[in-house]
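J.: Below you'll find the structure I mean.
The values are calculated or read from the model by the stated rules, or taken from the named source; none is laboratory data. Remember, it's a predicted structure, so these values are computed and weren't measured experimentally. Virtual Cβ from ideal backbone geometry, glycine too; neighbours counted across all protein chains shown. The accessibility values were calculated without ligands, DNA or RNA, using every heavy atom of the protein model including side chains. Shrake-Rupley method; radii C 1.70, N 1.55, O 1.52, S 1.80 Å.
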Amino acid sequence: MVILFSKRKSKIEEEIIEILLKYGGDYITDKKTIITDSKFTFVSKYKCSEITLKKGIAVFCDDTDKFEKQELPQNMIGICEENNKTALELFKKNSISVITCGMNSKNTVTLSSLNDNTLLTSLQRTVTDSKGTDITPSEFKVKLNKKYNPFAVMSCVAVLLINGIMPTEF
């Protein structure tokens, strides 16, 4: 289960939804449900709510303090931008493993290069996917069909890798 925490109608959230639907994600929100290939499920949350999952991925699309009191199960993986202080503090408080996305080598997922048609995303350290398989540091070439926000791309690469899916085209 992937949970997108965001402001309602966030452009980044919309881009993440678009990309994840292309990869067979089933999407559930308070207003609609889209079933595709059922490779994984993702939901959008726009306010704090109780979450009781055995495992999952929490993606913070925006730096918003409305989630500062959100409780998360310890067995989740957190994904956020390197400068999202609210998410980083929340992950620390809940003892959540974090995948940061950004443009420097301190981040787990970075963009190595970007042009109009392709980008090279780099996984800087080993992460473990949902089946327990280690994914070692490497680069992933992704074909782009349109221009996306860099964080939307990096967070989707992380979500897909954790779900055992190789990102190739957005």
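J.: Taking the conditions exactly as written (over 19 Å from residue 129 (Cα atoms), surrounded by 16 or more Cβ atoms within 10 Å (Cβ to Cβ) and among the β-branched types (Val, Ile, Thr)), does residue 77 satisfy them or not? So that I can check it myself, show each step before the final result.
T.: On the way: over 19 Å from residue 129 (Cα atoms): no; surrounded by 16 or more Cβ atoms within 10 Å (Cβ to Cβ): yes; among the β-branched types (Val, Ile, Thr): yes.
Spelling it out, it is not the case that residue 77 is over 19 Å from residue 129 (Cα atoms), surrounded by 16 or more Cβ atoms within 10 Å (Cβ to Cβ) and among the β-branched types (Val, Ile, Thr).
J.: For the range 138-163, what are the residues that are over 16 Å from residue 11 (Cβ atoms), open to solvent by 50 Å² or more (accessible area, probe 1.4 Å) and either polar (S, T, N, Q) or out of contact with any strand residue (DSSP E or B) (no Cβ under 9 Å at 6 or more places or on another chain) (or both)? Spell out how you get there, then give the answer.
T.: From the range 138-163, those over 16 Å from residue 11 (Cβ atoms) are 138-145, 157-163; that's our starting set.
Next, only the ones that are open to solvent by 50 Å² or more (accessible area, probe 1.4 Å) stay: 139, 141, 143, 145.
Correct list: 145 only.
J.: Shifting gears a bit: With respect to the numbered conditions (1) under 24 Å from residue 51 (Cβ atoms); (2) at pLDDT below 95; (3) out of contact with any strand residue (DSSP E or B) (no Cβ under 6 Å at 6 or more places or on another chain); (4) open to solvent by 30 Å² or more (accessible area, probe 1.4 Å), which one is the sole condition not fulfilled by residue 86?
T.: (4)
J.: Related question: If I filter the range 91-107 for residues that are more than 25 Å from residue 67 (Cβ to Cβ), small (Gly, Ala, Ser) and open to solvent by 70 Å² or more (accessible area, probe 1.4 Å), do I get at least one hit?
T.: Looking for residues that are more than 25 Å from residue 67 (Cβ to Cβ), small (Gly, Ala, Ser) and open to solvent by 70 Å² or more (accessible area, probe 1.4 Å), one finds at least one in the range 91-107, hence yes.
J.: Counting only residues that are at negative phi and free of Cβ contacts under 8 Å to residues at least 40 places away in the same chain, which one in the range 7-17 is surrounded by the most Cβ atoms within 10 Å (Cβ to Cβ)? Break it down into steps so the answer makes sense when it comes.
T.: Restricting attention to the range 7-17, the residues satisfying the condition of being at negative phi are 7-8, 10-17.
Checking which are free of Cβ contacts under 8 Å to residues at least 40 places away in the same chain leaves us with 8, 14, 17.
On the way: 8: 11, 14: 15, 17: 22.
Per the criteria, the residue is 17.
J.: For residue 131, state whether it is touching an Asp or Glu at 6+ places or on another chain (Cβ under 7 Å), within 25 Å of residue 38 (Cβ to Cβ), among the basic types (Lys, Arg) and surrounded by fewer than 18 Cβ atoms within 10 Å (Cβ to Cβ).
T.: Values: touching an Asp or Glu at 6+ places or on another chain (Cβ under 7 Å): no; within 25 Å of residue 38 (Cβ to Cβ): yes; among the basic types (Lys, Arg): yes; surrounded by fewer than 18 Cβ atoms within 10 Å (Cβ to Cβ): yes.
So residue 131 does not fit the description; no.
J.: Still on this model: So, in the range 108-137, exactly how many residues are among the polar types (S, T, N, Q), in contact with a strand residue (DSSP E or B) (Cβ under 6 Å, 6 or more places away or on another chain) and in contact (Cβ under 8 Å) with a residue 40 or more places away in the chain?
T.: So the count comes out to 3.
J.: So, one more: Right, residue 74: out of contact with any Leu (no Cβ under 7 Å at 6 or more places or on another chain) and within 24 Å of residue 102 (Cα to Cα) or not?
T.: Numbers: out of contact with any Leu (no Cβ under 7 Å at 6 or more places or on another chain): yes; within 24 Å of residue 102 (Cα to Cα): yes.
Criteria met by residue 74.
J.: Looking only at the range 108-127, count how many residues are farther than 18 Å from residue 60 by Cβ and either open to solvent by less than 10 Å² (accessible area, probe 1.4 Å) or hydrophobic (A, V, I, L, M, F, W, C) (or both). Step through it out loud before you land on a result.
T.: Going residue by residue through the range 108-127, those that are farther than 18 Å from residue 60 by Cβ are 111-126.
From the residues that got through so far, the ones that are either open to solvent by less than 10 Å² (accessible area, probe 1.4 Å) or hydrophobic (A, V, I, L, M, F, W, C) (or both) too are 111, 114, 119-121, 123.
So the answer is 6.
J.: Could you tell me which of the residues 53, 20, 72, 4 is open to solvent by 40 Å² or more (accessible area, probe 1.4 Å) and of a type outside the set (Val, Ile, Thr)? Steps first, please.
T.: Working: 20 fails: open to solvent by 40 Å² or more (accessible area, probe 1.4 Å); 72 fails: open to solvent by 40 Å² or more (accessible area, probe 1.4 Å); 4 fails: open to solvent by 40 Å² or more (accessible area, probe 1.4 Å).
Result: 53 is the single residue among 53, 20, 72, 4 that is open to solvent by 40 Å² or more (accessible area, probe 1.4 Å) and of a type outside the set (Val, Ile, Thr).
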